Amino acid sequence: MQIIDAHIHFSNINSFIDTAKELSNVDYSAAGYKDEFKKNNVMKSIGMGLTEQYKGGFPDRESPNPMLLDLENKLPRGLYTCIGVNPIPLADQTKELELRNIEEQLMNDSVVGIKIYAGYYHFHVYDEVYQPIYALAAKHQLPVVIHSGDTYSDRGLLKYSHPLNIDELAVSHRDIDFIIAHLGDPWVMDCAEVISKNPNVYADLSGLIVGDAKQVNKFMNERLFMDHIKRALVYTDNYRKLLFGSDWPLVDLEAYIQFVKALVPVEFHEDVFYHNAIRVFGL
């Protein structure tokens, strides 16, 4: 089965580099990407643009827009980008320059979406600061991926990353497709309700486990953990609304693919692992 990984990282972020070395045992490099993704028949992937200006800085208030993929100078073949947005400069006098820089990147064929880091940056997703970003998304017919759920930084604020916030956004912007990252975990039932209610909202299944194959297998054998996720998928009852993502390099890719296969009924594997990403991101 061919796979599209709809949520990975390829940015020079210190916490990601440390996690790859110490927890997931991943070769976080272009060479490592090529080997691991080829081995697992991942044909294409979508990297979430993200930068930090100093080691350990993310969520970095000083990162200029747009935030891109900067782990290495050349991106691996088959890797597309959701450009990341830092809302801080959009609230000050550099706003117009930042928006011009963002729109210039949106016209790049390798850019297939926009990423909002709710929770990491302390703005609600429906805040006025993001409205010009949504206008650009609508203009260029690009989906918007929104971080939701727990944050991979203790500097995040969870009130901004709750998936229920996206309900208001989806209703006010019916012309944009939104993807809730990480199924909003731990608020997976709230996420399930938002994607069930709103025809323009989807979710990816990335980042539900961090670690190596041993860690993934541990959680796969925890019935309460698996039921926690499965309950949301059953409630949603629409596997065309769900996209496979891994959050690589935060997890061993091969093990995570097996984990998601165990969550999703086999008759929906091709949709979740491939077709839905083609449709939503226009690949």
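The values are calculated or read from the model by the stated rules, or taken from the named source; none is laboratory data. Computed from a predicted model, the values in this text were never measured in an experiment. A quick note on method: Cβ atoms are made from the backbone with ideal geometry, for glycine too, and the neighbour counts reach across all protein chains shown. Note: accessible area is taken over every heavy atom of the protein model, side chains too, but ligands, DNA and RNA are not part of it. Shrake-Rupley method; radii C 1.70, N 1.55, O 1.52, S 1.80 Å.
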(request) Output the helices (runs of 4 or more DSSP H) that fall wholly within the stretch 109-220 and possess 3 or more residues being under 22 Å from Leu263 (Cα atoms), or say none. (result) 188-197, 213-220
(request) For the stretch 225-241, state whether one or more residues are touching a Phe, Trp or Tyr at 6+ places or on another chain (Cβ under 9 Å), open to solvent by less than 60 Å² (accessible area, probe 1.4 Å) and basic (Lys, Arg). (result) yes
(request) Being assigned to a loop (DSSP other than H, G, I, E, B) and among the hydrophobic types (A, V, I, L, M, F, W, C) is the filter; apply it to the stretch 221-256 and report the residue that is farthest from Met43 (Cα to Cα). (result) Leu250
(message) Suppose the filter is without any contact (Cβ under 8 Å) to a residue 40 or more places away in the chain and either open to solvent by 10 Å² or more (accessible area, probe 1.4 Å) or within 17 Å of Leu50 (Cβ to Cβ) (or both); does Lys139 pass it?
(response) yes
(request) Tell me which residues, restricted to the stretch 242-268, are surrounded by fewer than 17 Cβ atoms within 10 Å (Cβ to Cβ) and in contact with a Phe, Trp or Tyr (Cβ under 9 Å, 6 or more places away or on another chain). (result) Lys261, Pro265, Glu267, Phe268
(message) Considering only residues that are out of contact with any Gly (no Cβ under 8 Å at 6 or more places or on another chain) and touching a residue at least 60 places away in the same chain (Cβ under 8 Å), which ones fall in the stretch 47-60?
(response) Phe58
(request) Being assigned to a helix (DSSP H, G or I) and either modelled with pLDDT under 95 or closer than 17 Å to Lys214 by Cβ (or both) is the filter here, so list the residues in the stretch 257-283 that pass it. (result) Ile257, Gln258, Phe259, Ala262
